[in-house]
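No value in this document is a laboratory result; all are computed from the given coordinates. In this text, all values refer to a predicted model and were calculated from it rather than measured experimentally. Positions of Cβ are generated from backbone atoms using ideal geometry, with glycine treated the same way; all protein chains shown enter the neighbour counts.
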Amino acid sequence: MIKTIFWKNNTVVLIDQNALPLVEQCVTCKSYKEVISCIKDLTVRGAPAIGVAAAMGAALGAFHLPSLSPEKFRQKFFDICNEIAQARPTARNLFWALERMKKVVAQQNEVNQKRLVKELIAEAKRICTEDIEINRLMGKNGSSLFADGDNILTHCNAGALATAGYGTALGVIRAAKEQGKKLHVYVDETRPVLQGARLTAWELKKERIPYTLITDNMAGFLMQQGRIDRIIVGADRITANGDTANKIGTYALAVLAKEHRIPFYVAAPLSTIDISLKTGKSIPIEERKSNEVTHFKRVQSAPAGAKVYNPAFDITPARLITTIITEKGILRKPYQTSIARLHQGGKR
Ligand code: MRU
């Protein structure tokens, strides 16, 4: 199994996603500042993986703090968490994971710093292993939506690399394959950073799941030709009404899916749902540097100084989403109600 991120000898080890698919190598972070850089430069990316990295980064920061009074330790640890929280703005999992880490310190009566640091490392490792279990549950829940022989379209990378392992949207595809269903996946290249071409295609190849790579602007034509049965994507943040932020280009796919009456699924863990926000309008959308659009790696593909707009995510309105697949089951419209029930621990 692909292990995207793990704790080893008091360092955080990450698969270097910027080097894929050409080079398979890991990056070892020895400080929380190095973890922040890896989140910022997309060495580790994908909402759940960012959450796990943030938790491990916070644990690493705590590990390296000098011996302090309990009050000073708490303050320094919270400062570290707040610094990590600045790494990227959109993925809910980043903030969710840091909240969980902060709770360990806030709720602990432990005055022994060494024991508290041990507890923080244990919590970060738990967030990591739980993520894989959650993805497997999501896979089990979502795979019933797929039929043998389906052609599935996916966007960006919501696979093992975007999580601690197994994946959300790709996890559902993996689970369907494990049940013996034969699927074929159309992989959107996903401009400008090519998470589809570089990462999803790499994962599917490793898994021996048949796939065809297309550029983003081909998806509509394929739908018109009747080549796509279902679409499944991951999410970076889902608001209380079901509006979903995901990789730029997702919204256009959802609009096309409606026109062609193709089911459009979102697969995401509960840690991606932000009930504090009523609608997608309030989700902060990250804008990334212009060179992601004007260059690929170091190769320039636009005139020097070209004006660029580079939002990394867009918002798909809830009405365009057929179902949201979670580890607790499949949510249906109205999401306002099904999400609220889920949070109260009731029936969907
Ligand atoms: O900019 P990225 O690569 O972090 O964006 C990732 C996505 O948009 C994924 O689809 C999303 O995080 C879900 S990953 C399970």
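Worth pointing out:
- Helical mean residue ellipticity (222 nm; -39500 (n - 2.57) per DSSP H run of 4+; nearest 500) of the chain: -12000 deg cm²/dmol
- Here's how it looks for Tyr211: its modeled amide H is under 5 Å from those of Val185, which are all 5 or more places away or on a different chain.
- Inter-part distance where the range 76-120 and the range 44-58 are each reduced to a Cα centre, Å: 12
- Scaled against the 2.2 N^0.38 Å expected of a compact globular protein of N residues, the Cα radius of gyration of the range 5-135 reads 1.01.
- Magnitude of the charge dipole for the range 246-348, about its Cα centre and with charges confined to Cβ atoms of Lys, Arg (+1) and Asp, Glu (-1), is about 300 debye.
- The C-alpha radius of gyration of the range 145-344, expressed as a fraction of 2.2 N^0.38 Å, stands at 1.01.
- Extension gain (nm, one decimal) between Ser301 and Lys103, 0.36 nm per residue minus Cα-Cα: 66.6 nm
- Label-zone membership for the range 84-100, site Arg126, 7 angstrom Cα→C-beta point, backbone N under 13 Å: 100
- Each Cα pair under 8 Å and six or more residues apart adds its separation to the average, and for the range 5-135 the resulting relative contact order is 25 percent.
- The charge dipole of the chain, taken about its Cα centre with unit charges on the Cβ of Lys, Arg, Asp and Glu (plus for the first two, minus for the last two), comes to roughly 420 debye.
- Extreme residue, positive dipole direction of the chain, given options Leu153, Cys128, Ala53 (C-beta unit charges): Cys128
- With respect to the chain, whose longest principal axis is taken over its alpha-carbon atoms, helix 113-143 is tilted by about 10°.
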